[in-house]
1. Scanning the stretch 220-242 for residues that are hydrophobic (A, V, I, L, M, F, W, C) and over 27 Å from the mean Cα position of the chain (by Cα), which turns out surrounded by the most Cβ atoms within 10 Å (Cβ to Cβ)?
2. How many residues does the stretch 160-187 hold that are in a helix (DSSP H, G or I), open to solvent by less than 10 Å² (accessible area, probe 1.4 Å) and in contact with a Ser or Thr (Cβ under 8 Å, 6 or more places away or on another chain)?
3. Residues of the stretch 32-61 being farther than 19 Å from Phe109 by Cα, surrounded by fewer than 18 Cβ atoms within 10 Å (Cβ to Cβ) and β-branched (Val, Ile, Thr), which ones?
4. Taking the stretch 221-238 only, how many residues are closer than 22 Å to Arg178 by Cα and either of a type in the set (Gly, Ala, Ser) or without any contact (Cβ under 8 Å) to a residue 24 or more places away in the chain (or both)?
5. Select from the stretch 1-31 the residues that are surrounded by 17 or more Cβ atoms within 10 Å (Cβ to Cβ) and β-branched (Val, Ile, Thr) and write down the one among them that is farthest from Pro60 (Cα to Cα).
6. For the stretch 3-16, which positions are farther than 14 Å from Val72 by Cα and modelled with pLDDT of 95 or more?
7. Would you confirm whether or not the stretch 111-132 contains a residue that is more than 21 Å from Asp39 (Cα to Cα) and small (Gly, Ala, Ser)?
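The values are calculated or read from the model by the stated rules, or taken from the named source; none is laboratory data. In this text the structure is predicted, and so the values were computed from the model without any measurement. Positions of Cβ are generated from backbone atoms using ideal geometry, with glycine treated the same way; all protein chains shown enter the neighbour counts. For the accessible areas, the whole protein counts, side chains as well, though only heavy atoms, and no ligand, DNA or RNA atoms are used. Shrake-Rupley method; radii C 1.70, N 1.55, O 1.52, S 1.80 Å.
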Amino acid sequence: MAQRAVDVQRALAAVADENDAVNLARFFKTGPREYGEGDTFIGVRVPRTRKVVRDHIGLPASEVMLLMDSPVHEHRLAGLLILVEQLSAAQKAGDECAQEESVILYLDFVHRGRVNNWDLVDASAPNVLGGWFFDRPRDTVHRLAEDEDLWRRRVALLTTFGFIRRGDASTTLELAERVLADRRDLTQKATGWMLREVGKRVDRQLLTGFLDHFAADMGRTALTYACEHLTAEERADYRARR
């Protein structure tokens, strides 16, 4: 029998906790004028969501879309994690058509505002777009970074994590420079985090070279995150340039 979105929703409901729903809604800032305003939680922690996902990897794309169109946060997270698993299987099988279909579907979710909190972005963008665009033109990634929408911009930044993991920091540095003036907290954290990973995983001198040029123009949060693995003396020096 074909798997259905409603099966995933029922499985999630079976492991939901009302107290967790309250706590998660608070943690992900769902109040008025907060970044997650209006999002709905049923109270499923990520490990339990991943367990449900493992039982529904074969969910058809049309059913994944139903999950992504749900107002419930955990439904959308499950949909994204299923998509990530399906893309991984397609990569291992060398099925480029299936990979491209997953990427197109994901970009549709992004542009329709369904990937709309930091955990949803972080759990999907590095694996979906970071894998696909590593050895392809990255115009789409740059366009997402140019978008003023908070989540599309974060998708672009987190996509570069997929590049960083494979030793390429070029796009991370380009995007970090492009979003320097964006002082929104979640953009600041994403930018600083990716810069830190450049220094940690690719080349420490690429990080310090970027900071030498741009520390004075960076927001405090981005600079703090970027400098986290530097020496105390280096961190003090870069902070003094602001």
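1. Filtering first and then ranking leaves Ala236.
2. Total meeting the criteria: 7.
3. Val46
4. 2
5. Thr30
6. Residues satisfying the conditions are Arg4, Asp7, Ala14, Val15.
7. Taking every residue of the stretch 111-132 in turn, at least one turns out to be more than 21 Å from Asp39 (Cα to Cα) and small (Gly, Ala, Ser).
Residues are listed down the side, and each one gets a yes or a no for (1) of a type outside the set (Val, Ile, Thr); (2) modelled with pLDDT of 95 or more; (3) under 24 Å from Gly219 (Cα atoms); (4) out of contact with any strand residue (DSSP E or B) (no Cβ under 9 Å at 6 or more places or on another chain):
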position	(1), (2), (3), (4)
Gln99	yes, yes, no, yes
Val110	no, yes, no, yes
Asp122	yes, yes, yes, yes
Asp135	yes, yes, no, yes
Arg153	yes, yes, yes, yes
Ala181	yes, yes, yes, yes
Arg184	yes, yes, yes, yes
